[in-house]
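The values are calculated or read from the model by the stated rules, or taken from the named source; none is laboratory data. This structure is a prediction, so every number in the text was calculated from the model and none was measured. Neighbour counts are summed over all protein chains in view; Cβ atoms, including those assigned to glycine, are modelled from backbone coordinates with ideal geometry.
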Amino acid sequence: MKKPYIVCNWKMNPSTGKEADALAREMVSRVDKKRGELIIAPPALFIERVRNVYSVIGSQDISEFKQGSYTGQLSAQMMKKAGASYAIIGHAERKIYQKETDVQSAEKIKRAQEEHIVPIICVGEIKKTTVSHAWHSIKKQLDVLLPSIKKGSFYIYAYEPLWAIGGAQTVDPQYVADVVYRIKLYIRAQKQEIPTVIYGGSVNCENIDSLLYYKDTIDGFIVGSVSVKIKEIKNIIKKIYGSY
Ligand code: PGA
């Protein structure tokens with residue numbers, strides 16, 4: 001049985017450590033390791049304490065630098081020591097607000113893998129368009145990112161169309177599946193391995209069923225805004241577990 005990946009990206013939520021603990025505790029009650037890998041990505045400040053409640057943690061970002069004078073940044077080594085075993089790299093919101101580039105993401109992949117952190121590498125087009133236009137832009141991103149992945153290592157790609165993040169526009173599940181399929185084909189041709197590719201962008205209780213229709217192609221989901229709404233996320237997790 002294929003096991004789906006579910007990444008709960010809490011973004012800049014909740015506001016206190018106590019709330020983070022409570023949220024993690026609620027989620028743990030839903031986790032079934034046999035049915036899938038659930039990764040909680042809390043704000044960096046809360047990683048250590050959430051790690052005491054739940055063991056599979058992802059960081060929302062890491063520095064592209066190993067060490068040095070980079071005020072405000074957190075290294076892969078720090079994240080690892082705090083308890084992260086996964087790291088989201090090149091998230092759409094970092095590309096939009098911090099103007100992060102694929103070249104930076106490529107460096108971050110290397111930093112993560114040096115610390116044996118599994119990179120969750122985000123790719124996606126900026127504007128809503130056709131599958132072939134989207135693919136044109138994603139292929140360019142993959143060409144920058146793929147060479148930095150260590151041979152034989154485990155990594156996850158996350159297809160995250162920038163326009164679909166945060167619930168701005170509706171997502172067509174067929175479109176998602178077509179793009180994910182192309183990503184897999186391309187990586188298979190380049191690296192002779194079939195990658196794990198998940199989807200992120202406004203996943204919610206309304207669209208999860210239609211996205212799950214393509215579960216043979218899509219290997220899991222990043223849930224953002226809805227992942228801190230306990231009733232909804234529990235419902236989504238239940239549906240994902242029940243489908244794969
Ligand atoms: P969203 O975020 O679910 O709010 O669109 C997705 C993500 O953070 O990857």
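Can you name every residue in region 32-67 that is out of contact with any strand residue (DSSP E or B) (no Cβ under 9 Å at 6 or more places or on another chain) and under 26 Å from residue 146 (Cα atoms)? Of everything in region 32-67, those that are out of contact with any strand residue (DSSP E or B) (no Cβ under 9 Å at 6 or more places or on another chain) and under 26 Å from residue 146 (Cα atoms) turn out to be 63, 64, 65, 66, 67.
Regarding residue 115, is this residue under 13 Å from residue 183 (Cβ atoms) and not hydrophobic (A, V, I, L, M, F, W, C)? Taking the combined requirement at face value, the residue does not satisfy it. Just one of the listed residues (13, 9) is within 16 Å of the ligand (Cβ to nearest atom), buried (at least 18 other Cβ atoms within 10 Å of the Cβ), polar (S, T, N, Q) and in contact (Cβ under 8 Å) with a residue 12 or more places away in the chain, and it is 9.
Return the pair list, or none, for Cβ contacts closer than 9 Å from residues in region 189-200 that are free of Cβ contacts under 8 Å to residues at least 24 places away in the same chain to residues that are more than 16 Å from the ligand (Cβ to nearest atom), at least 6 apart or on different chains. Correct list of pairs: 193/152; 193/187; 194/184; 194/187; 194/188.
On the stretch given as region 111-141, residues that are within 21 Å of residue 153 (Cα to Cα) and buried (at least 18 other Cβ atoms within 10 Å of the Cβ) total 12.
Checked against (1) under 18 Å from the mean Cα position of the chain (by Cα); (2) β-branched (Val, Ile, Thr); (3) away from the ligand (no atom under 11 Å from the Cβ), residue 230 meets all criteria but (1). For region 149-168, the set of residues classified as more than 16 Å from the ligand (Cβ to nearest atom) and touching a Leu at 6+ places or on another chain (Cβ under 9 Å) is empty. Cβ-Cβ contacts under 7 Å between residues 6 or more apart (or on different chains), taken from a first residue in region 215-233 that is touching a residue at least 40 places away in the same chain (Cβ under 8 Å) and among the aromatic types (Phe, Trp, Tyr) to a second residue that is part of a loop (DSSP other than H, G, I, E, B) and buried (at least 22 other Cβ atoms within 10 Å of the Cβ), are listed as 221/203.
Taken over region 81-105, the criterion of being part of a helix (DSSP H, G or I), within 16 Å of residue 124 (Cβ to Cβ) and in contact with a helix residue (DSSP H, G or I) (Cβ under 7 Å, 6 or more places away or on another chain) is satisfied by 92, 93, 95, 96, 102, 105. Residues of region 123-149 that are closer than 23 Å to residue 97 by Cβ and not in a helix (DSSP H, G or I): 123, 124, 125, 126, 127, 128, 129.
Residue check: residue 196 meets all listed conditions (1) on the phi < 0 side of the Ramachandran plot; (2) away from the ligand (no atom under 14 Å from the Cβ); (3) out of contact with any strand residue (DSSP E or B) (no Cβ under 7 Å at 6 or more places or on another chain) but one, namely (3). Kindly evaluate residue 84 against the criterion of being under 26 Å from residue 165 (Cβ atoms), in contact with a Pro (Cβ under 7 Å, 6 or more places away or on another chain), modelled with pLDDT of 95 or more and buried (at least 18 other Cβ atoms within 10 Å of the Cβ). No.
Restricting attention to region 205-214, the residues that are touching a residue at least 24 places away in the same chain (Cβ under 8 Å) and within 15 Å of the ligand (Cβ to nearest atom) total 4.
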